[in-house]
1. Averaged over its residues, how many other protein chain Cβ atoms are within 10 Å of peptide A:302-308's Cβ atoms?
2. How many angstrom lie between the C-alpha centres of the stretch A:276-338 and the stretch B:100-134?
3. Which residue, chosen from A:Leu255, A:Ile118, A:Ser50, occupies the Cα position most advanced towards the positive end of the dipole of chain A, where the dipole is computed from +1 (Lys, Arg) and -1 (Asp, Glu) charges on Cβ about the Cα centre?
4. Beta carbons within 10 angstrom, averaged per residue: use that to sort the peptides A:110-117, B:134-141, highest first.
5. Could you tell me which residue out of B:Ser203, B:Met295, A:Trp75 lies farthest along the dipole of the protein assembly as shown toward its positive end? Charges go on the beta carbon: Lys and Arg +1, Asp and Glu -1, centred on the Cα centre.
6. Name the residue farthest towards the positive end of the dipole of chain A from the options A:Gly324, A:Ala231, A:Ile312, assuming +1 on Cβ of Lys and Arg, -1 on Cβ of Asp and Glu, about the Cα centre.
7. Calculate the spin-label point distance for A:Thr27 paired with B:Thr100, positioning each point 7 Å from the Cα along the beta-carbon direction, and give it in nanometres.
8. Shape verdict for the protein assembly as shown, please, from the Cα gyration tensor: rounded (a/c under 1.5), prolate (a/b greater than b/c) or oblate.
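Just so it is clear, none of the values below were taken in a lab; they were calculated from the coordinates. None of these values were measured; they are calculated from a predicted model. So basically every Cβ, Gly included, is an ideal-geometry build from the backbone, and we count neighbours across all protein chains shown.
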Amino acid sequence: MSPRHDTAAPPEKEGGAAPADRIPSSTPAEADVRRRARLSRRWQRDMRWSPYAFVSPFFLLFLAFGLFPLIYTGWASLHAVELTAPTDMDWVGLRNYTRIFDDDFFWNAAKNTLTIGIISTVPQLMMAMGLAHILNYKLRGSTFYRVAMLAPYATSIAAASLVFVLLFGRDYGMINWALNAVGFDNIDWQNDKWPSQIAVSSIIIWRWTGYNALIYLAAMQAIPQDLYESAALDGASRWKQFLHVTLPSLRPTILFTVVVSTIGASQVFGEPLLFDANKGASGGAQHQFQTLGLYLYEQGWVNQHLGRASAIAWTMFLILIVIGIVNYVISRRLRASS
Amino acid sequence: MTTTLTPPTDPVKEPPKRTRRPKSARAGGQLHGGPIAYAVLVLFTIGSLFPLVWTAIAASRDNNRLAQTPPPFWFGSGLFDKLELAWKDANLGEAMLNTTIVAGISAVTVVVLSTIAGFAFAKLRFKGRNAMMLIIIGTMMIPPQLSVIPLYMMVAKLDWSDQLQAVIFPSLVSAFGVFFMRQYLIQALPNELIEAARVDGASSWRVIWHVVFPAARPAMAVLGMLVFVQTWNDFLWPFLVLTQMGNPTVQVAVAGLGRGFTPDQSLIMAGALLGTLPLLLVFAIFGKQIVGGIMQGAVKG
């Protein structure tokens, strides 16, 4: 066996042949290295730039339909622009602003926006909190209640406002009928100041309470149970648990809903427009429920002063920024104190 | 490359495990609701649904009956006649087609763009990521009134008044959508899945197609419905650029029914009902998912 081996294969020859064999195989290896380098360069490019490619459609559209309009509105607010020729702009400086600040209807609209905002937001969020607390119990058919409460959210401003106009009718409306039944007089929901603001607010409350309740509910379900358990062991009643466990844990969510509702309330437009019996932009015969949004529309599209309307829009924006800053400061304070 | 990646199960369903805790410590979600809880819920449900039901009742009655006390509490016989009349009078067929086109295009676009951008913000590292996310959250605070005037000028310049694209283009951006998808993908898409696909040599676009989209499907469906509802119900901007004469959306058409000197109340109610019905149907069918989506998108910050 072994002698055959010895004669058959001279090891040196084989060894000498080996490099010769390797030469042709080394070119694919180099090509492979080059291919890998190319791939890895492409890979690096991909890793580096594709995130920007992924976010750029949003930012391009945002530039065109968010940022540009924001700045352009500010620019237009310094010009006299008419609705009929929106591209002709004459520089007037701050005159648009002084004009609207001198206008009693502006301050009236600002006050109405504030009061309607409060009347609609405060009860809405409080009811939503109560509803969320109840929905957080173990209940039969809880999905049904949640969906039913969200149904108003599916209803448009237009449809909801038109229905509420009928429900709040002075002579034949259902709400006055119910008030009569329990011994009250008819209320003129469209022409008296406070009743009309309450009526407009009720449309907003109706549409958004269920939505906010769901948001609170989601936050409540994220509260760790051991917090309640230790509170219960300390002898806290359910009401105390709600006050000292639930509410503090919900603080960020509450702030979030307050901010969102505030923004929503500053923009109220469709409800007062459609609630008006005359379908005008004045918010009732005495401007009793004209909001800033409606005032902007009246200045821009009824009186055709787009420049003045821009000034109103920017004023609203500045107010919102102030509110945002105040909110931020409050939330920092709250966080620091807790 | 076609690694079949099963999307992770919907995280909405995870949280409440209700049975384990000691009874003494039960609070909130663990307690069974008593009669008062049910009474309050039933009251609120009635309050939520009554205006909708009453819209149908009012649409089924004639105006003489609506101008009497007490107001009608039950259906009359004229519902279908009025619905037909409102359908024709407000040109609701065309309006619904318009609104479906607008809401459909913006829902699909917003969902796709938001998923892609949300993925980048949730899972990729790149310079300026946090600053960009802050800008996006900040844009949610810009009131739509601010953009209305320049948009109106743009539309006037482009000669797009009464054209549907005037409504479609501004509704293609949704800061909320990006935020929503980011929040979802952070928790619903495990990094291992992306890494596995990377190891297989997948490019970023392939990762999006084969990993992100399947994983995000439940959230995409919810976001799509939310955007659809929002666009369907949008009023301010369509009201400004679309007139009733050319290409109205449903909301503009319905609002138009309320104008005029002697408005026909039951006709208005019929129009309001028709404008709301499609969305109520969507809610009746997908209500559970939409509720889950709202609850999820709103909080997990």
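1. Numbers: counts 0, 0, 0, 0, 5, 1, 0.
Going residue by residue through A:302-308 and averaging, the value is 1.
2. Answer, in whole Å: 29.
3. It is A:Ser50, whose Cα lies furthest towards the positive end.
4. Numbers: A:110-117: 20.0, B:134-141: 15.5.
Final packing ranking: A:110-117, B:134-141.
5. B:Ser203
6. Highest projection toward the positive end goes to A:Ala231.
7. Taking the two extended label points, one gets 6.4 nm.
8. Judged from the Cα gyration tensor, the protein assembly as shown comes out prolate (a/c at least 1.5, a/b above b/c).
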